[in-house]
Amino acid sequence: VLSGFTITNGLGGTDSTGVGGGGIQIDSASPTITGNVITSHRAGVNAYGAGISARASSALIHGNEITNNHGESREGGGVFIGDSGSVQLIGNHISSNVAYLGAGVAVNPSATPTIENNTITGNTAKTGNIGASEGGGIFSYGFAAIIQNLISGNSAEQGGGVYLQGEPTPLLVSNTIANNDSADGSGVYDFAVPTSQSQFVNNLIIASPGQIALYCDG
């Protein structure tokens, strides 16, 4: 259990190994991370997860303030979840983070996380040398259960609030996705695959003025 700390000014993943976790790196372990402030970390080129990186993990990440973390490239400015395992990301405030894919939260294939009751606001997916920025609030490449989150004020070139892609595709239930910024899906950009469809149940998806709330592609 890691609880009650302020963790700040770390630097992770400065080479091409893909290692991240400027603030906290979890690898093949399942701790409880609760009630911490995780702020002002950086992840270098080719790294994943500036604030928290959780790989092959079923960690409980609960009630943390994850803010102002910066990924130089790749995925997960605030939180990166990858490889196998079922991380529970519950009740966190994830704000003002930056990365190219999933500025707030990024999920890679093989992981099956639950992302529930978080406030995900003011995160920015920035344009870089890997193409269009995707998923200001959440980028999910594969399955995630995304339940009862407030996703607002985030921005990206595609999917200001949420970007969905891959197989199996995510389940979104009772989220409020509002006032995000993107020309291609202010709320959600859904890149479908022929054999699978994203599931949306009881969500509020509200576009910024003049933008598209839900953009479906593929």
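For every residue, the table says whether it meets (1) open to solvent by 30 Å² or more (accessible area, probe 1.4 Å); (2) over 20 Å from residue 135 (Cβ atoms); (3) without any contact (Cβ under 8 Å) to a residue 40 or more places away in the chain; (4) more than 16 Å from the chain's Cα centre (by Cα).
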site	(1), (2), (3), (4)
7	yes, yes, yes, yes
28	yes, yes, yes, yes
41	no, no, yes, no
52	no, no, yes, no
61	no, no, yes, no
77	no, no, no, no
80	no, no, no, no
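Here residue 50 passes the criteria (1) over 13 Å from residue 88 (Cα atoms); (2) part of a strand (DSSP E or B) except the one numbered (2).
Of 134, 116, which residue is closer than 19 Å to residue 204 by Cβ and among the acidic types (Asp, Glu)?
Details: 134 fails: closer than 19 Å to residue 204 by Cβ.
Among 134, 116, only 116 is closer than 19 Å to residue 204 by Cβ and among the acidic types (Asp, Glu).
If you check 26, 33 for being over 16 Å from residue 83 (Cα atoms), hydrophobic (A, V, I, L, M, F, W, C) and part of a strand (DSSP E or B), only one passes: 33. Considering each residue of the range 88-107 in turn, none proves to be more than 12 Å from the chain's Cα centre (by Cα), modelled with pLDDT under 95 and in a loop (DSSP other than H, G, I, E, B).
Filter the range 15-26 down to the residues that are in contact with a Phe, Trp or Tyr (Cβ under 7 Å, 6 or more places away or on another chain) and either surrounded by fewer than 24 Cβ atoms within 10 Å (Cβ to Cβ) or free of Cβ contacts under 8 Å to residues at least 24 places away in the same chain (or both) and list them by number. Step through it out loud before you land on a result.
The first filter runs over the range 15-26 and keeps only residues in contact with a Phe, Trp or Tyr (Cβ under 7 Å, 6 or more places away or on another chain), leaving 18, 20.
Residue satisfying the conditions is 18 alone.
Name the single residue, out of those in the range 113-149 being β-branched (Val, Ile, Thr) and over 13 Å from the mean Cα position of the chain (by Cα), that is farthest from residue 159 (Cα to Cα). Outline the logic, then answer.
We begin by selecting, within the range 113-149, every residue β-branched (Val, Ile, Thr); these are 114-115, 119-121, 124, 127, 130, 138, 146-147.
Next, from what is left, pick out any that are over 13 Å from the mean Cα position of the chain (by Cα): 127, 130, 147.
Numbers: 127: 13, 130: 16, 147: 18 Å.
Ranking the candidates gives 147 first.
Every listed requirement among (1) at pLDDT below 95; (2) more than 20 Å from residue 36 (Cβ to Cβ); (3) open to solvent by 10 Å² or more (accessible area, probe 1.4 Å) is met by residue 70 save one, (2).
The values are calculated or read from the model by the stated rules, or taken from the named source; none is laboratory data. No experiment lies behind these values; they were computed from the predicted model shown. Every residue, glycine among them, receives a Cβ derived from its backbone with ideal geometry; neighbour counts consider all protein chains shown. Accessible surface areas use protein heavy atoms only, side chains included; no ligands, DNA or RNA. Shrake-Rupley method; radii C 1.70, N 1.55, O 1.52, S 1.80 Å.
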